[in-house]
Amino acid sequence: MTSPVRLALLGCGTVGSDVVRLLHEQSADLAARIGAPLEIAGIAVRRVGRDRGDLPVDPALFTTDPLGLVKRDDVDIVVEVVGGIEPARGWLVEALRAGKSVVTANKALLAEDGATLHDAAAEGGADLYYEASVAGAIPLLRPLRESLHGDRINRVTGIVNGTTNFILSAMDATGAGFAEALEEATELGYAEADPTADVEGFDAAAKAAILASLAFHTRVTAADVHREGITEVTAADVASAKAMGCTIKLLCIAARGADAAGHETVSVRVHPAMIPLTHPLAGVGDAFNAVFVEAEAAGQLMFYGRGAGGAPTASAVLGDVVAVARNRLAGVHAASESAYADLLVRPMGEALTRYHISLDVTDRPGVLEAVAGVFARHEVSIATVRQGPAGGGPAGRGEDAELVIVTHVAPDAALAATVRELRGLAIVRSVTSVLRVEGGA
Ligand code: NDP
Ligand code: HSE
């Protein structure tokens, strides 16, 4: 058989240790599929002395010098599962420029500065694969960057963060508030000790940038993505959604559009939204991920599976390792980044959305007209209005009433201005819930 393909593994934590385990357990099959055995040349970590249980690997392979490992002549492929922007960017640029292909799960780096990595890959004639960076085990980036390259993608809507999906699913199932559901997620190991990246939507925004870049052949960074997390979602919001036959999900939405001059644009956003229970994403519960792709010729496609965890993520990493190892043996590399379309990324204010708004108002003649007038002034068309007793109390005329208004599609800025003006009206006691509505609810 051909001489081994040698890997530098950067990181041996949750994902890296499962990469090592799978490389060991499947070594014969992997060698047969690639046409050469895979060998670990070294493993860079922060603490060489850390207890790594019964990891099937020679302890002498560990080093605290990732850059030195990357530069070694006997390294063919660099697998990065450390995370973060620096020093990971420096290691990967060094590898790629030297013609060593890179497999990485580092969504933060790709979303912040994927351009530098792609440029380095082009310069060195190397592969840059990152299937594990979005939605863990789910084969999604390869379909976007290969299988669907003959088609035109119009919209990508996804649940790409398992932690927040677990929390929202728990709120929906039990009526719990955000804090209580987060506590459960932490106890069960779904949420990290510092859950900020997940619950504030940073993790999903990074993934949204990567998906949008691939779907629309345009460089989109995390800074281009409008981001809202789920910390403000209340039990009352969830109850309102249920009353409408909907559920609330943290969605990443990347959609093609056009500006006033008719030039094609793209909008990319992450925020909680109500979706009807009939939408394919509504049934995605627990910590699962799913991505719904709408393409011109293919129609609607749904990708579903585990978006996190050591073994599922390692599965995606190893799939990439096999692909780049085969390319290396064949003396080829994959097509470079496709960013030719270079579409303008629209600000959130121009994104077309719908709103569901609950208001506690004074219950007297003329209130509905005043409220409707605010919508009309901002050119937001109302789709439905429902009035009930405030706070869900017994029906009948009281001092206050609850108004639940769902709008037609309008620019997000017009909807936000409508809500701002409603909050300032004397007849509006409080705006109890504002949620975007997606998916035809
Ligand atoms: P962990 O924190 O579990 O592991 C990180 C590893 O990197 C550890 O082995 C650590 O060493 C090592 N490390 C940290 N800093 C350095 C450094 N400066 N030099 C050398 N080694 C270093 O992270 P995960 O395995 O969870 O995540 C890795 C990557 O995979 C991230 O980019 C993450 O976003 C991504 N990812 C993770 C998923 C998951 O479910 N965990 C899912 C999808 C993607 P030591 O062992 O000594 O501490
Ligand atoms: N923290 C992420 C999630 C997993 O909850 O989905 C890594 O992408």
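The values are calculated or read from the model by the stated rules, or taken from the named source; none is laboratory data. If you're wondering where the values come from, they're calculated on a predicted model, not measured in any experiment. Every residue, glycine among them, receives a Cβ derived from its backbone with ideal geometry; neighbour counts consider all protein chains shown. Each accessible area value is taken on the protein alone, full model and side chains, heavy atoms only, with ligands, DNA and RNA left out. Shrake-Rupley method; radii C 1.70, N 1.55, O 1.52, S 1.80 Å.
At most 12 other Cβ atoms within 10 Å and a DSSP loop assignment: could you name the GluC sites (Glu not before Pro) in segment 288-388 that fit?
Glu296, Glu379
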Query raised in the report: Leaving out ligands, DNA and RNA, what percent of the accessible area of the chain is carbon and sulfur, probe 1.4 Å?
Result: 51 percent
Requested in this report: Report, ordered by chain and residue number, the lysines lying within cross-link reach of Lys242, taken as a straight Cα distance under 30 Å and ignoring same-chain residues fewer than 8 apart.
Outcome: Lys207
**Report entry** Charge dipole (debye, nearest 20) of segment 5-101; +1 at Cβ of Lys and Arg, -1 at Cβ of Asp and Glu
**Finding:** 260 debye
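Full-extension gain between Leu61 and Ala341, please, as 0.36 nm times their residue separation minus the C-alpha to C-alpha distance.
Values: separation 280, 0.36 × 280 = 100.80 nm, distance 4.40 nm.
My answer for the length gained is 96.4 nm.
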Query raised in the report: Between Lys242 and Ala258, what is the label-to-label distance in nm when each label sits 7 Å out along the Cα-to-Cβ direction?
Result: 4.3 nm
Query raised in the report: Just for the chain, what percent of DSSP beta bridges are antiparallel, to the closest 5?
Result: 70 percent
Query raised in the report: Averaged per residue, what accessible area in Å² does the chain show with a 1.4 Å probe, protein chains only?
Result: 42 Å²
Requested in this report: Enter the angle in degrees (range 0 to 90, nearest 10) between the Cα long axis of helix 367-377 and the first principal axis of the Cα atoms of the chain, meaning the one along which they spread out most.
Outcome: 50 degrees
Report summary line: The correct ranking of Asp29, Asp127, Asp172 by accessible area at 1.4 Å, largest first, is Asp29, Asp172, Asp127
Report task. Please get the size of the charge dipole for segment 315-441, origin at its Cα centre, with Cβ charges of +1 on Lys and Arg and -1 on Asp and Glu, quoted in debye to the nearest 20. Result -> 160 debye
Report summary line: FRET efficiency for Ala122 and Lys71 from the Cβ-Cβ distance with R0 = 22 Å, rounded to 0.05, comes out at 0.65
Report summary line: Whole-Å distance linking the alpha carbon centroid of segment 231-309 with that of segment 188-208 is 17 Å
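Rounded if a/c is under 1.5, else prolate if a/b is larger than b/c, else oblate: which is segment 351-437, with a ≥ b ≥ c the root eigenvalues of its Cα gyration tensor?
Prolate.
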Requested in this report: Treat each spin label as a single point 7 Å out from the Cα along the C-beta direction, and report the Ala330 to Ser27 distance in nm.
Outcome: 2.7 nm
**Report entry** Amide hydrogen neighbours beyond the local backbone of Ala383, cut-off 5 Å, H modeled
**Finding:** Val406, Thr407, His408
Report summary line: Expressed in angstrom and rounded, the centroid-to-centroid distance over alpha carbons for segment 311-366 and segment 32-104 is 27 Å
Report task. Taking amide H positions as placed in the peptide plane 1.01 Å from N, state which residues far from Leu128 in sequence (5 or more) or on other chains have amide H under 5 Å from it. Result -> Val102
Query raised in the report: Once Lys and Arg get +1 and Asp and Glu get -1 on their Cβ, which of Ala325, Val48, Ala170 lies farthest toward the positive end of the dipole of the chain?
Result: Ala325
**Report entry** lysines whose Cα lies under 16 Å from that of Lys71, excluding same-chain neighbours fewer than 8 positions away
**Finding:** Lys100
Report task. As a check on your grasp of the helix formula, calculate [θ] at 222 nm for the chain: sum -39500 (n - 2.57) over DSSP H runs of n ≥ 4, divide by the residue count, round to the nearest 500. Result -> -10500 deg cm²/dmol
Report summary line: Contact order relative to length for segment 20-143, counting C-alpha pairs under 8 Å separated by 6 or more residues, stands in percent at 17 percent
Query raised in the report: Dipole magnitude of segment 145-306 about its Cα centre, charges +1 at Lys/Arg Cβ and -1 at Asp/Glu Cβ only, in debye to the nearest 20?
Result: 640 debye
Report task. Among Ile382, Gly158, Cys12, flag the residue with its Cα farthest along the positive direction of the charge dipole of the chain, charges on Cβ as +1 for Lys/Arg and -1 for Asp/Glu. Result -> Ile382
